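The structure under discussion appears below in the form of structure tokens.
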Protein chains: 2
Amino acid sequence: MCANLMQRLTLEKIGELAGVSRATVSRVINHHPNISSEVRERVERIIAETGYQPNQAARSLASNQSNVIGLVIPNVVQAVFTDPYYPRLTQGISAACNQLDYTLALFLFHSPEEEQFAVRRFSNNSLIDGLIITADNHINPFIPQLVKRNVPFVYIGRPETTESVTYIDVDHIGGSYIGTKHLIDLGFKRIAQLSTKHNTAGVDRDKGFRQAMAEVGYAVDEDYVVYGDFTERSGYEAMQHLIPLRPDAVFIQSDTMALGAMRALRDAGLSVPDDMAIVSFDDLPPALLTEPHLTTVRQPVHDVGMLAVETLIERCANPGQPPKHVVLPTELVIRGTCGAAN
Amino acid sequence: MCANLMQRLTLEKIGELAGVSRATVSRVINHHPNISSEVRERVERIIAETGYQPNQAARSLASNQSNVIGLVIPNVVQAVFTDPYYPRLTQGISAACNQLDYTLALFLFHSPEEEQFAVRRFSNNSLIDGLIITADNHINPFIPQLVKRNVPFVYIGRPETTESVTYIDVDHIGGSYIGTKHLIDLGFKRIAQLSTKHNTAGVDRDKGFRQAMAEVGYAVDEDYVVYGDFTERSGYEAMQHLIPLRPDAVFIQSDTMALGAMRALRDAGLSVPDDMAIVSFDDLPPALLTEPHLTTVRQPVHDVGMLAVETLIERCANPGQPPKHVVLPTELVIRGTCGAAN
DNA sequence: TTGCTAATTGAGAGCGCTCTCAACACTTTT
DNA sequence: AAAAGTGTTGAGAGCGCTCTCAATTAGCAA
């Protein structure tokens, strides 16, 4: 029997074939209790034989839930290409969706107009049960609008106003604290930082760096703090500014920027860690692309994604709940660039 | 009026407010002809004032079309992280979806079981109108199953069996031909290749290289052909094998591998293009990360994504159509690594 | 005026599912 | 043996939309 000639299967038809009512088939599919095992098996057999798949649209309409969640990534143009962070995050989110039998809708926005247009579609629409938002920087009007329109969402990172927003973040402050502390403990004195001002993660990492420095009474010379924007190129350029000052170590806020920084050092004929030690942040694949490999603060990007999905689904099920804030710990991964191996 | 207290808006209610029937409101929303402009304006005003959004689930159920398309990326684990190709492609696809008012569902699979499980959900499901498939390598059982289950799809790349499959591909053969030809024209004699066997793109690029070489009567010494797997690391290692043979130029099948290859050359104290000229393939962001920048064959990844969406939507509208095959042209981008600038 | 066509609108029947409610068949309790 | 409880099933009313079909009105020629 050819698929295209085959008439569409419905609950009704499956019921007919199994000699039960539509309602009973529905119960079997949704794993309701109180079905005689005899009937359950019969129905399940028919379903398996026919390859029946319930119609999602009808399900959504009747139950007012779609089992689809959206992932929103604004300002892609910059971010997605320069850093392996987003692919990694997306993978974690996707894995959790597959596991929990949810479908992932991806929304990449390239302009404020697209954002504006999309936000309307998210409400009262029944396409999307909820959203995972990754807004890499500062205030965007998205969040308040979602709150107003009552769209359940989980924010990845630390939002401007933490009240009333559920978010999953990584302990950036603690992470850069242990990264910097590691350099201090190794005896380095003139410790620079390759920082960024582009998002709250950057701001927090800066804070952790200063905390560690302050704790041991090292003054932070602002000339020793240079800024990039998470790209390889910006790391390269920032390091070029740093080289003449001859710090003996530098804490770099991302692996990708560390890649660029090491390129600059190599071009200047300097060796890592002998001429300058490096600790960076992320532990994404690029960390293994340098020689020696990067000593870096691992952030659990994959776990953040998984957790975001789980949290979102939970919130969709219990809309009344107070906002939840999760901050995941980081971990120092010691490799070659800090000189600790010597 | 608070959003959560606000009663759900329906066509019926909008009709009531505008003093027309549900059917008329539906007509206005779907831009049917034969609506008096007076009624149209009145209805549109009410819709704008109330912020009404049609319920997608009900729409899908009634019209049997969801305006959602799926993007399938198997074997993510490897591919997504090592190459900026997928993010770029995804961006193109997303842009087209936004423009055409479609929603993009992302399916990343990590295991054959997940694939198998998902393929069932795609059929007779009404969640997905059609699929864009990126299968980076060889035969997978996915395609025949989709054909059998009558799910409209567009394949990105060149599938094993081109019959009955609509695909969008890039002219890999022609691209590597012009890339190689460029090296030949510049007078290089001992031209090596950093190739891959991982997918049809690799096989095709290999073919183009050999075509160009054969055309001018250069024999291809198989020692001069080394293989990688599209990763930076594999480019590094492959180049290490090549260096002792001292070719004067090398055609490299991807920018990412070229990145690794240039790292190997630098570590060996060799300079590009003086000691070895390089032409690569892709023209993705990494092409500008090397010094000098990569001379490379640009493939229109973004356009492939856009075109895939348009083609898919067209096929969904006309299911009877014969399969369509599109092969997009490439373009040589001359920068520093080929030595042509000197 | 009458008759005809064309434009505009409404009524109503689904789309395939979920979920409540009632019915029925058994047990168990009194 | 009657009453009450428990487990299992079916009937039927929606969910909010689309789309066909018929009704109404308007426009125009005869």
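Within the stretch A:328-339, can you find the residues that are hydrophobic (A, V, I, L, M, F, W, C) and open to solvent by 80 Å² or more (accessible area, probe 1.4 Å)?
Looking only at the stretch A:328-339, we keep the residues that are hydrophobic (A, V, I, L, M, F, W, C), and these are A:328, A:332-334, A:338.
Result: A:Ile334, single match.
Pick out the one residue from A:Glu160, A:Glu215 that is closer than 25 Å to A:Glu331 by Cβ and out of contact with any strand residue (DSSP E or B) (no Cβ under 8 Å at 6 or more places or on another chain).
A:Glu215
Across the stretch B:27-39, what is the total count of residues that are more than 23 Å from B:Ser60 (Cα to Cα) and near DNA strand C (Cβ under 7 Å from one of its atoms)?
Within the stretch B:27-39, the first condition is being more than 23 Å from B:Ser60 (Cα to Cα), and the residues that meet it are B:34-39.
With the extra rule that they be near DNA strand C (Cβ under 7 Å from one of its atoms), the set shrinks to B:34-36, B:38-39.
Of the residues in the stretch B:27-39, 5 are more than 23 Å from B:Ser60 (Cα to Cα) and near DNA strand C (Cβ under 7 Å from one of its atoms).
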Before we move on, is B:Ala277 in contact (Cβ under 8 Å) with a residue 60 or more places away in the chain, outside the structural domain of B:Pro84 (by TED's automatic domain parsing) and either open to solvent by 20 Å² or more (accessible area, probe 1.4 Å) or closer than 23 Å to B:Ala95 by Cβ (or both)?
-> no
Could you list, in sequence order, the residues of the stretch B:222-240 that are more than 13 Å from every other protein chain (Cβ to nearest Cβ) and open to solvent by less than 30 Å² (accessible area, probe 1.4 Å)?
-> B:Val225, B:Val226, B:Gly228, B:Ala238, B:Met239
Single condition A:Leu284 does not satisfy, out of (1) open to solvent by less than 40 Å² (accessible area, probe 1.4 Å); (2) in the same structural domain as A:Ala105 (by TED's automatic domain parsing); (3) at pLDDT below 95 | (2)
Only one of B:Val327, B:Val309 that is under 17 Å from the mean Cα position of the chain (by Cα), touching a residue at least 24 places away in the same chain (Cβ under 8 Å) and closer than 16 Å to B:Gly174 by Cβ | B:Val327
Consider A:Tyr102 against the criteria (1) out of contact with any strand residue (DSSP E or B) (no Cβ under 8 Å at 6 or more places or on another chain); (2) at pLDDT 90 or above; (3) more than 16 Å from DNA strand D (Cβ to nearest atom): it satisfies all of them except one. Which criterion is unmet?
-> (1)
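Only one of A:Val119, A:Val68 is under 21 Å from the mean Cα position of the chain (by Cα) and either more than 16 Å from DNA strand C (Cβ to nearest atom) or open to solvent by 20 Å² or more (accessible area, probe 1.4 Å) (or both). Can you tell me which? Full working, then the answer.
Details: A:Val68 fails: either more than 16 Å from DNA strand C (Cβ to nearest atom) or open to solvent by 20 Å² or more (accessible area, probe 1.4 Å) (or both).
Of the residues listed, the single one that is under 21 Å from the mean Cα position of the chain (by Cα) and either more than 16 Å from DNA strand C (Cβ to nearest atom) or open to solvent by 20 Å² or more (accessible area, probe 1.4 Å) (or both) is A:Val119.
Has the stretch B:108-120 got at least one residue that is more than 11 Å from chain A (Cβ to nearest Cβ) and of a type in the set (Phe, Trp, Tyr)? Give the steps one after another, and end with the answer.
Narrowing the stretch B:108-120 to residues more than 11 Å from chain A (Cβ to nearest Cβ): B:112, B:116.
Remaining after also requiring of a type in the set (Phe, Trp, Tyr): none.
No, the stretch B:108-120 contains no residue that is more than 11 Å from chain A (Cβ to nearest Cβ) and of a type in the set (Phe, Trp, Tyr).
For B:Ala135, are the conditions met, namely being closer than 29 Å to A:Gly305 by Cα and within 13 Å of chain A (Cβ to nearest Cβ)? Even if it seems obvious, please write down each step before you answer.
Details: closer than 29 Å to A:Gly305 by Cα: yes; within 13 Å of chain A (Cβ to nearest Cβ): no.
So B:Ala135 does not fit the description; no.
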From the list B:Ile168, B:Ile143, B:Ile139, B:Ile178, which residue is surrounded by 20 or more Cβ atoms within 10 Å (Cβ to Cβ) and either modelled with pLDDT under 90 or aliphatic (A, V, I, L, M) (or both)?
-> B:Ile168
Return yes when B:Ser21 is among the hydroxyl-bearing types (Ser, Thr, Tyr), at pLDDT 90 or above, within 20 Å of A:Arg121 (Cα to Cα) and within 11 Å of DNA strand D (Cβ to nearest atom) and no when it is not.
-> no
Unmet criterion (only one of (1) within 16 Å of DNA strand C (Cβ to nearest atom); (2) within 14 Å of another protein chain (Cβ to nearest Cβ); (3) open to solvent by 40 Å² or more (accessible area, probe 1.4 Å)) for A:Ala58 = (3)
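Given B:Ala95, B:Ala105, B:Ala62, which one is part of a helix (DSSP H, G or I), of a type in the set (A, V, I, L, M, F, W, C) and in contact (Cβ under 8 Å) with a residue 24 or more places away in the chain? Walk me through it before giving the result.
Working: B:Ala105 fails: part of a helix (DSSP H, G or I); B:Ala62 fails: in contact (Cβ under 8 Å) with a residue 24 or more places away in the chain.
Within the list B:Ala95, B:Ala105, B:Ala62, the selection yields B:Ala95.
The values are calculated or read from the model by the stated rules, or taken from the named source; none is laboratory data. This one's a predicted model, so the numbers in the text were calculated from it and none came from an experiment. Methodologically, a virtual Cβ is constructed for each residue, glycine included, from the backbone with ideal geometry; neighbour enumeration extends over all protein chains shown. For the accessible areas, the whole protein counts, side chains as well, though only heavy atoms, and no ligand, DNA or RNA atoms are used. Shrake-Rupley method; radii C 1.70, N 1.55, O 1.52, S 1.80 Å.
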